[in-house]
1. I'd like to know if region 39-60 contains one or more residues that are of a type outside the set (Val, Ile, Thr), within 28 Å of HIS23 (Cα to Cα) and within 21 Å of the chain's Cα centre (by Cα).
2. Which of the numbered conditions does PRO244 fail, given that it passes all the others? Conditions: (1) within 27 Å of PRO54 (Cα to Cα); (2) not in a helix (DSSP H, G or I).
3. Restricting attention to region 229-251, which residues are modelled with pLDDT of 80 or more, surrounded by fewer than 16 Cβ atoms within 10 Å (Cβ to Cβ) and either closer than 22 Å to GLY195 by Cβ or among the aliphatic types (A, V, I, L, M) (or both)?
4. Go through (1) free of Cβ contacts under 8 Å to residues at least 24 places away in the same chain; (2) closer than 27 Å to PHE24 by Cβ one by one and return the number of the condition SER63 breaks.
5. Could you say whether any residue in region 84-96 is in the same structural domain as ARG139 (by TED's automatic domain parsing), touching a residue at least 40 places away in the same chain (Cβ under 8 Å) and in contact with a His (Cβ under 8 Å, 6 or more places away or on another chain)?
6. Only one of (1) crowded, with 16+ Cβ neighbours inside 10 Å; (2) over 30 Å from ARG238 (Cα atoms) is not met by VAL72, so which one is it?
7. Modelled with pLDDT of 90 or more, at negative phi, out of contact with any helix residue (DSSP H, G or I) (no Cβ under 7 Å at 6 or more places or on another chain) and in the same structural domain as SER34 (by TED's automatic domain parsing), is that true of LEU65?
8. If I filter region 75-89 down to residues being exposed (fewer than 15 other Cβ atoms within 10 Å of the Cβ) and not small (Gly, Ala, Ser), which single residue comes out as farthest from LEU48 (Cα to Cα)?
Amino acid sequence: MARRGTARRGPFGRWWDSRSDQHFQIIAYSTILSTACLVWGFVFLFVLGGYSDPEVEHLVPWSWLAFVGGLVVAFFAAPEFFVYWGQRQILEDILLLDSRPEILRRHKEAEDAADMLGKSYQARLMGLYKAHNVNIGKRYKVDPVIPLAPLPSTGADETGASVRSGHSWWDTNDSTLANVLPGLHTLRRQSVNRGLIGGSITAILLLASNATLGLFTSSSGERDHTLDLTASIYEFARVYEPSPHFDVISILFISLFAGLLASTRPRPVPGDEEE
């Protein structure tokens with residue numbers, strides 16, 4: 001029998017409590033997906049006027065579901081995401097400290113952030129403590145992981161600029177994307193980051209070439225026609241236009257892959273701007 005004044009947790013509450021180390025990941029990806037659904041629904045229904053186009057009426061119910069569902073989930077998830085993100089930024093700043101007195105001064109806020117963010121961040125905090133001989137007892141039962149530190153300079157290039165070993169765009173395993181998306185440790189693999197770089201560049205070149213030069217042949221036999229992706233997705237009768245030709249979906253895809261490419265760059269570290 002439950003004690004008086006104690007509310008019994010429902011199935012979702014018990015599931016949520018059992019995933020305490022994954023709260024940040026769940027909130028982050030819920031925010032990303034709900035925002036994407038919200039944007040898609042808004043663009044399709046109100047910008048492109050899909051609700052009044054009989055050729056794409058089969059997409060209207062799904063777009064309304066994406067719009068309303070994304071709005072509801074984002075309403076609850078987005079504020080929580082920014083709370084977690086703020087705590088993550090605090091902890092990331094502390095993990096870059098190289099002063100033991102400063103670490104001791106800020107240990108309370110670091111531990112509060114680590115408590116909220118879960119075991120992976122607790123392990124990094126314990127690694128920082130171990131590296132600077134800070135003893136806080138057995139607060140966290142995790143194996144310490146030494147935080148990533150700025151790499152030392154190994155020389156200079158022909159222009160005199162500082163060169164960091166292993167910190168080039170192509171060779172990095174510490175990209176901006178890997179640090180923004182929590183829990184996706186695969187993104188810290190060099191081969192995965194290189195695949196994202198190569199795939200993004202290929203997609204941008206193909207999309208830009210299609211829009212500006214044309215990748216498809218016309219009735220004259222010349223390769224001077226552009227595939228209109230918007231018309232193709234909506235299954236319009238006419239999907240090829242004389243080049244150059246830009247449509248909404250092509251521009252969105254180019255922007256998306258350009259943003260993905262930019263996110264594969266090495267994570268900025270303090271001091272890069274000053275060198």
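1. yes
2. (1)
3. VAL248, ILE251
4. Here SER63 clears every test but (2).
5. There is at least one residue in region 84-96 that is in the same structural domain as ARG139 (by TED's automatic domain parsing), touching a residue at least 40 places away in the same chain (Cβ under 8 Å) and in contact with a His (Cβ under 8 Å, 6 or more places away or on another chain).
6. (1)
7. On the way: modelled with pLDDT of 90 or more: yes; at negative phi: yes; out of contact with any helix residue (DSSP H, G or I) (no Cβ under 7 Å at 6 or more places or on another chain): yes; in the same structural domain as SER34 (by TED's automatic domain parsing): yes.
Answer is yes for this residue.
8. Only one residue fits best here, namely GLN89.
The values are calculated or read from the model by the stated rules, or taken from the named source; none is laboratory data. What you are looking at is a predicted structure, and each value in this text was computed from that prediction instead of being measured. As a convention, Cβ positions derive from the backbone with ideal geometry for all residues, glycine included, and neighbour counts pool all protein chains shown.
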